[in-house]
Structure formats: C-alpha cells, structure tokens
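Structure first, commentary second.
The values are calculated or read from the model by the stated rules, or taken from the named source; none is laboratory data. Note that the structure is predicted; figures quoted are calculated from it, not measured. So basically every Cβ, Gly included, is an ideal-geometry build from the backbone, and we count neighbours across all protein chains shown.
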Amino acid sequence: MNIKQIHIYGFGKLTDFRLSLSSSLQVLYGENEAGKSTLMAFIHAILFGFPTKQQSELRYEPKRGSKYGGNLLLETEEYGEILVERVGGKATGNVVVTLSDGTTKGEEFLKQLLKNMDKSMFKGIFSFNIHGLQGVNQLKGEDIGHYLLAAGTIGTDIIVKTEQQLQKELDQLFKPSGRKPELNMMLQTIKHQEKDLKKSMQHNETYENLQKELHTLLEEIEHMQGEVKKFEKQLRKLERLKQDWPFIQERKQLLKRIEEIQQKQFPVDGIHRMDTLDEQLRITNSQLQALKVKKAEYEKELQLLAPNQLIVQNESRIQLILEKWPQVLQWQEELIKRKEERRKWNEQISLLSRNVYYQEEDLKQLPSVDLSIDMKDKIRTTVKDNYYLKSKKDELEQHLEIEKNKQTELEMQCDRIESELLSEEEFRRLSDQQQTYNQLQNEYQQIQDQLKLIRFSKDQGKKESNLAMMLFYLLFSGFFLWSLTTMHYLSMAGALIGLIVLSYTAWTNKTRKKHNHDSSEGQLLKKADKILDEMNQLADRRPKYEEQQNLRSQWKELILQIENQQFRYTEKMEALSEWNKKWKDNEHQLNGIRHQLRLHDRFSSEQLPDAFDILSELAKMIHNQANNEAQLNLLIQKVSKWESELNDLVQVLGLENIANDEKIIHIKSLLKSEQDHRLLHREMKNKMDEIEHEYIKWLNGSTSLKDALNQLLTDAGAKHQEEFRKKGKEHEEYLALKNSLHMLNKQINEESLKATSSLESFDVIENELLHYQDQVDTIINRLEVLRKRLAEVNYEINLLEDGGVYTEKLHEFYHLKSMFNMKAKQWAKLTLAKQMIAKTMERMKNERFPKVLETAEYYINQLTDGQYIHFHFKESGQLKIERADHIMFDPEELSQATTEQVYISLRLALVQVLQDEYPFPMIIDDGFVNFDRDRTKRIIQILLEMSKSTQVLFFTCHEHILDLFSENQIFVLNEKETYSMVK
C-alpha cells in the first residue's frame, strides 16, 4: 500500500493543503511549527479515526472554521487506487472509502483493508520517531535489552511493561522464600492459629454433648412456654365472660321486648315536623290573598301607559341614522380633502413621467414592471461590475505586455547559454573522464590506507618480536648464570647453545620480514605513482567539466522559468479573454434591465439606479392615487346611502320635507318623548312582574307544604294525623330500647357473646376456670426444673469455652482462611495473565524474532561499516551484540548512538519481515539526529534500498540531511505559507 496524494480540508494549521507523493522515498522538510507533526497526525487520523475528546491526543480541529478532515489517495495491489475520506461527525469522524469503479464503502471495509490493525500497533511498527530513541536513552541496565527485544518482536514495549507490572504485583502478593508479601505473612498466621485451635478442641466431645442437651432443653422450654401462653389466653377469655354474664342476661330481655313491638318505619322527628308544616301552611294562605288584591291594581295602571307602536317599530332605524349623523359630517369634510389630493397626485405623476420619458401606455404597464429589492440589487451589482470592467481592461493589457517582455528576455538568455554548451558527445566524453578521475582517486586513497596498515603492522610486529626475543634472552642468560654458579657444565652448554640459536633465528626473521614488507610497500608505491600520473593528466579537464555542468544547470533552470513564464502569459491572455466575455455578459444584462424597466436605450448604465428610484417613486404615487380614488368613491356612496335612509324614515314618521339638520332635530325630539313614556311603563311593568313573581313563589310554597304533609302520612303508613301521632309515640319507645341495646353491646366483649352459645350456665364457667388454672400450674413447675438444668448446662459450656476464646479463635481462623483464598485467587489470575503474555512473547521470539535478527544483522553491519556483525539471543532472554573482533556486548555496554542504531536496525528489520503480511508505508520522524555524517549516509542508503518494496515518508527539520537526497524526493513545508498547492 502506497500513499499517492494527501488532501487536507482543515486539520490544525493546515487548510486546503494538497501534496502528491511521486517518489517511493519522500522527504518532508520543515522548520519548527511548519506543520510536520500535524501532517503526520493527519495520516494517522484518516486511517484510524480522529482522537476522541476523552483521549489525551491532540484533535487538531481547525481554528479558522474550515471543514474538519480530508482524504488520502492510496494505491493497493488488490483494489488499485482507492480514496479514503474522513470528515468531522461522530466521535472518530465519518469515513467514506471510494474504489476505482466508484463503489463506496465504510469503516468496516477500511479496517479490513488495514488488516484490523489499530493506531497504537501501526505507530509501534510503521510510524517511527525520535521518541523511541529517547525511550532507549532513558533506560538503564538490563531494561535496554528488554526494550530492544520488544522493538524487534512487536514494535512497542507495552507488553514488556505489562509483564513487569504483573511481576511486581505478584511479588507483592507472594514469594517462595519471602516473609513480607501478603500471602506469606497470612500463611504464617494461619499456621499459628491452627495450632492454638487444636489445643482448644481437646474437650470437643464433652462440649458437643452439652451443646446437644442445651439444644434439647431450649426446644422443650420453648414448647412449654407456648402451652402456658395458650392456657393463659383461654383463662383470660373465661374471666372476661364471667364479668360480662349479667350484661348478657339483660341483653336477652331487651331483644325480647324489641321483637314484641315489631316497629315499622317512621319518619325521623315526625311529630315535630307535622306541627311545623301546619303552622307554615296557615301563614302561606293568608299571604296569597293579599297579593291577589295588589296585582289587580297594577293591571289597571299598565293599560293607561301603552307605548307608541310607530316609534317602537322604527326605533332601530332611528337610532342608526342618529348615530351615523356625526360620521356623515366627517365624511363630507373628508370628501373635500380627497378631491384636493387627487389634483396634487396628478401633477406629481405627470412631472416624474416626463423625467423617465414615460407615456400614458407606459404608466398603465408600470404595475407589471419588476421594482423589487432583487431588481434594485441586480441593477447596483450590474452597474458596479460595468464600472469595474471598464477600469480592469487597461490593467490587464498592461500586465500582458509585461509578461510578454519577460518571456522574450528569458528566451534570449536561453539562446545565449545554448550557444556556449558543448555537444552531447563531447560532454559525455568529459563525464567519462571525470568518472575515471574519481575512480583513480578512490584507488589512490585505498593504496594510501594499505601503506599505513603495512607500516603499522611492520612497527607492531617489530615490537612484538623484540619483546619475545628479550624474554628468551633473559631466560637463557639467567639459566647460564645459574649453571655457572652451581658448576653444572652440561646445563651451561645447553644455555650457550640456546643463546646462539636464538640470535640466529632473530637475525633470519628480521631479514625475511624486512624483505617482505619492503617488497609489498614498493609495489604499492609504484602503483600509487602510476595512478597519480594518470590523475594529473585528467585534472586539466575538470574545470571544463564543472563549467559545462553549471551551464546545463542554468539552462534547465531557464527552461523551467520559460515554461512558468509561458504559463503566466497564457493566464493573462485567458484573463483578457475572460474580461471580454464578462463585458459582453454585462452589456447584455444592462440591456435586459432597460427592457424590463421599459426604458429607452439612451439611458446610460450610470443613470439606471436613478431611473429605478424614479420609477419606484412613480409606482408608489400611482398606487397612492388609486387608493385615494377608491376612498373618494366609497365616501360618496356612504353619504348617498345615509341620505336615502333618512328620507325613507321621514316619510314613515310623517314629517315635513325640510333640510337634513332640521329632520335630525325633529326625529331626536320624538325619540326623547317616547323614551320618557317608555321608562314609566317599564317601571310599572317591573312592579307588576315583582308582584307576579311573589305570588307564584307563595303559591309554590303552599303546594310544597301540602305535599310534605301528605308525604309524612305516607311514610308513616297513616291515613290521617291522629293515626300518625299514635304511631309516633310507639316509635319513640322503640328508639329508646335500641339505644339501650347499643350501650350493652359496647360493654359486652364480642368473644363472650360467641362463647355463650356453648355454655349453659354460670357454674359451667367456674368449672372451666379451675381446669385451665391447674394445667398452667403444672407446666410452670416443669419450666422451673428445665430452667435450672439449662443454667447448669450453660455454666459447664462456658467453662469449656474458657470465656468464649474457642469460638473467637474458630471464627478468626476461618475468616483468615477465607481472606487467604481470595488473595490466592488474585495471585492465580495475575500468574495466568503473566503466563499468557510470556507465551505470546515466546511465540514471537520463536517465529518472528529469528527472521528479524537475521535482517537486523544485515542493517547493523551496514550502519556500523562492519564494526558490529551479529545479534545473539540467549535462552535466558538476554540479547547480545557481537563486534567484528568477536567480543560480546550487552546492550547497556554500548554507547548511546550505537544503542540507537541497534534499535533502528531491529525496527527496520521488523517492518521488512512483516511486509508481506502488512504492506503499509513506513513513516520516520527525525530518527537519526545523533548519528555522525558517515552513519547518516549509510542509514539513508538503507532507506533507499527499503523504498524499492516499501514506501518511506521521512520528516525532518535538519537542513544538512537534505544534501543526501535528490531534488525530486524533497518537499519543503513553510510555516509562513498558507498551503493550497500541489507539488
């Protein structure tokens, strides 16, 4: 998978940013704050989603209101070119994946395309930055080895840190030989408590028998207490029945008398109600007689006050005409004003029509002319565009002339340089000679290095040989002196022979080595002189070659400038052509506006806004004139209608045909006289109505009283009042008996009433009381015996438990054992998690890490120029690095820069091993800042080699590194620019 193009809508400081990645190794250079980190975070965000607000990562939401997000154009083997677009929406953004055939997919397809890899795993393997190196530098001792191992297996040290954290928690819980971990301390405590518990359980058999007896005693006592409560309850019932017996006998007598009376239903307080109704009926009849006399008097007076029917029938018309009279006066005044306004409107309309050359026909069509705000805005915009286009033409022609002169000047410079260039054949010959010169220079340098090595080895061998000879001389000399002092002549002869042989050997070796060194050194010197002569012959051509190279560079730059200048000239021509098109469109729009406003062509563009204002004012005046005319006609109609109604009314009332003012005065006088007469009639009618209402009320009251008397007789079942009063006395006796019965029922217990059905006499109650009392006494005596034995058993149990020590120890022992089991389960879970992590790491070590080590060895060999050659991974988990002289080093023994190079070798090797499974691009952010110049060159060569199979994006802020890359591989990010370009 390769990233071919980046388009950022809005992400951090980058807005409408476009970048095409044409090279498989792309260098993105920029100073601080230029946007490197933003661009790198954008790639992560499009592939794996925007960070949520709960995460600590920056979201890079744009500050200028641009659309949040962008897209990446990816090239894949399976689907070809696909476009991945992600914009703001839900928490991680809304993503749309568009295939080359136009099919669109969603988030699930993108996860499938990325092999279900998440952001942390991608950044741990493929997104490599300086923070990884800082992580190496901050570690100490054997932690460096673990960190490098994680970098070569999974790309991150998260699993290693998790394993270390789990081991720390396990050590806090339990250690086989520890004393302070929680489980170790709890285990010791359990052992001590178990010993104490066994001592307390020696008397366990006796204790259990006593516990069984205690349980039996408690059950029997509880049973006996239940029996006592049951018998005592029965005794209480009998005692209450004994007390209630006299009241029960009296209750029987009351029930017998109530049954004898057999009282039927009688109205409540019937006698008193009968007397009250009789008195009220007498008063009501007297009042009715008085009201009849007064009613007859009022009827005679009403006949004398009858109203004038002619006035009554036309009263509404009279009122309406009188009410409209003040308004009619106002209408007549307004008619005069409206006629004067009509004259003024006509004069103003005539004046404005002449200003815009409008005829009578044009004025009729004016209401259909578009005089809206949109038309006004259209006129203002079109006139403004016309003014702008007039001023723009001169500017465009001047710019076009300038660009044409620049193009001519650049073409003349290019012709001058082309005249100085050698032919391609001659330049190729110079280039071949320069390459030969460079090769000779490298060979000469190699010979100088070999001469230095021969001279160094010659001096070193001489020193080693002299040291060995000196030691043997001292040995044989000492042996000779010892033989001389002890008179061992045979040993003395041997020592002399050894000294002679040693001297001869030293002389022959020195002669041979000198001859060999002189021979090799002489051959190399001859070869160096020969190369030097050839270099001197070719050195004269070097200035010519450099001159031609400079000319060709200038020529390429001029060609590029001419192309750019042609593009700018074409742009200016297109701008002028576009101006002509806009000018014609503008003229067409102006003509259309004149036609829509019904204006003559003599109106210039500058006069159109004023003409529009005049037409708007004219249309407003015509509209106002039409409204005034309509109001005028309406007023004339209203006045005529009122006068017609007034004349009709005057004829009906029989008045003379006089002026309107006098007609109104006569009508008001008639209406006032009739209203006074009507007021008197209304007052008398109200009095009559009151008398009538009062009479009906007393009549209804009389009827109601009679009905109430009859209802009382009916309710009591009596035919007349004497029978009613007799039944009333019987009812009073019945109520007294019922009240007495109710009082007795309150005094007698309900259970006593129920018990009387099974008891015949008071003697039976006495016998039952004696029987139950004997039962209670027997049970109480048995309870005293049981409670005494219970106290003895409790005392013996307390002695065995020693004041409760045994139960407390038993409780503490099982509580501590339960806590121990919980901690042991926690320890088991942690152990299982650690084993799973270890198995995962072991599988990766066995399957992936050997391939990574093999590839990493190649990279470390290249990086250090063969100084470090092998990685060795021990079964104990320790990583060793072998130097060229076969000395082994632990990672913590290496220098800081070398440790970083080991880390980089493992990271690059991991990417290379995973390339078939995860063919993703590699992103590097300033990972080589601590490298020297030679090793920086080597790592760049390695990246160039990797870029043949893996796309590499290299971010840097170090300008000197750019010299190691070609121009087409570099893209410069500039903090001061607003990005809106395509490389």
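Here Phe724 meets each of (1) at pLDDT 80 or above; (2) not assigned by TED's automatic domain parsing to the domain that holds Leu241 with one exception, condition (1). Taking the conditions (1) at pLDDT 85 or above; (2) in a helix (DSSP H, G or I) in turn, Phe971 satisfies each one other than (2).
Across the range 76-101, what is the total count of residues that are among the hydroxyl-bearing types (Ser, Thr, Tyr), farther than 16 Å from Ala41 by Cβ and under 23 Å from the mean Cα position of the chain (by Cα)? Total satisfying the criteria: 0. Restricting Glu656, Glu683, Glu694 to those that are of a type outside the set (A, V, I, L, M), at pLDDT 75 or above and surrounded by fewer than 14 Cβ atoms within 10 Å (Cβ to Cβ) reduces the list to Glu683.
When Glu259 is tested against (1) outside the structural domain of Lys746 (by TED's automatic domain parsing); (2) free of Cβ contacts under 8 Å to residues at least 40 places away in the same chain, exactly one condition is not met: (1). When the test is whether a residue is modelled with pLDDT of 75 or more and assigned to a helix (DSSP H, G or I), Arg552 passes it.
I'm checking my understanding of the structure. Among residues of the range 68-106 that are basic (Lys, Arg) and at pLDDT 85 or above, which one is nearest to Thr52 (Cα to Cα)? Give the steps one after another, and end with the answer.
Taking the range 68-106 and keeping what is basic (Lys, Arg), we get 86, 90, 105.
Checking the rest, the ones that are also at pLDDT 85 or above come to 86, 105.
On the way: Arg86: 14, Lys105: 23 Å.
Applying the filter and picking the extreme gives Arg86.
Within the range 939-968, the residues that satisfy the criterion of being assigned to a helix (DSSP H, G or I) and either in contact with a Gly (Cβ under 9 Å, 6 or more places away or on another chain) or closer than 18 Å to Leu908 by Cβ (or both) are Ile939, Ile940, Gln941, Ile942, Leu943, Leu944, Glu945, Met946, Ile961, Leu964. Quick check on Leu320: is it surrounded by 11 or more Cβ atoms within 10 Å (Cβ to Cβ), among the hydrophobic types (A, V, I, L, M, F, W, C), closer than 30 Å to Leu670 by Cα and assigned by TED's automatic domain parsing to the domain that holds Leu618? So Leu320 passes the test.
Quick one: is Val27 among the β-branched types (Val, Ile, Thr) and within 19 Å of Lys4 (Cβ to Cβ)?
Details: among the β-branched types (Val, Ile, Thr): yes; within 19 Å of Lys4 (Cβ to Cβ): yes.
Answer is yes for this residue.
Screening Ile593 on (1) out of contact with any Lys or Arg (no Cβ under 8 Å at 6 or more places or on another chain); (2) within 30 Å of Arg354 (Cβ to Cβ) shows it passes everything except condition (1).
The set of residues in the range 102-130 being over 21 Å from Gln912 (Cβ atoms), among the hydroxyl-bearing types (Ser, Thr, Tyr) and more than 26 Å from the chain's Cα centre (by Cα) consists of Thr103 alone.
Listed by position, the helices (runs of 4 or more DSSP H) contained in the range 277-371 that have at least 2 residues being hydroxyl-bearing (Ser, Thr, Tyr) are 315-355. Filtering the range 52-73 to residues that are surrounded by 19 or more Cβ atoms within 10 Å (Cβ to Cβ) and either more than 14 Å from Thr15 (Cα to Cα) or not assigned by TED's automatic domain parsing to the domain that holds Glu85 (or both) leaves only Leu72.
Scanning for something under 30 Å from Asn314 (Cβ atoms), out of contact with any Phe, Trp or Tyr (no Cβ under 9 Å at 6 or more places or on another chain) and in a helix (DSSP H, G or I), does the range 688-702 turn up at least one residue?
Applying the first criterion (under 30 Å from Asn314 (Cβ atoms)) to the range 688-702 yields 688-689.
Remaining after also requiring out of contact with any Phe, Trp or Tyr (no Cβ under 9 Å at 6 or more places or on another chain): 689.
Checking which are in a helix (DSSP H, G or I) leaves us with 689.
The answer is yes; a qualifying residue exists.
Within the set Gly155, Gly141, Gly132, Gly145, the sole residue that is at pLDDT below 60, more than 15 Å from Tyr903 (Cβ to Cβ) and touching a helix residue (DSSP H, G or I) at 6+ places or on another chain (Cβ under 7 Å) turns out to be Gly141.
Just to be sure, is Lys834 at pLDDT 75 or above, under 40 Å from the mean Cα position of the chain (by Cα) and not in a strand (DSSP E or B)? When the stated conditions are applied, Lys834 does not pass them.
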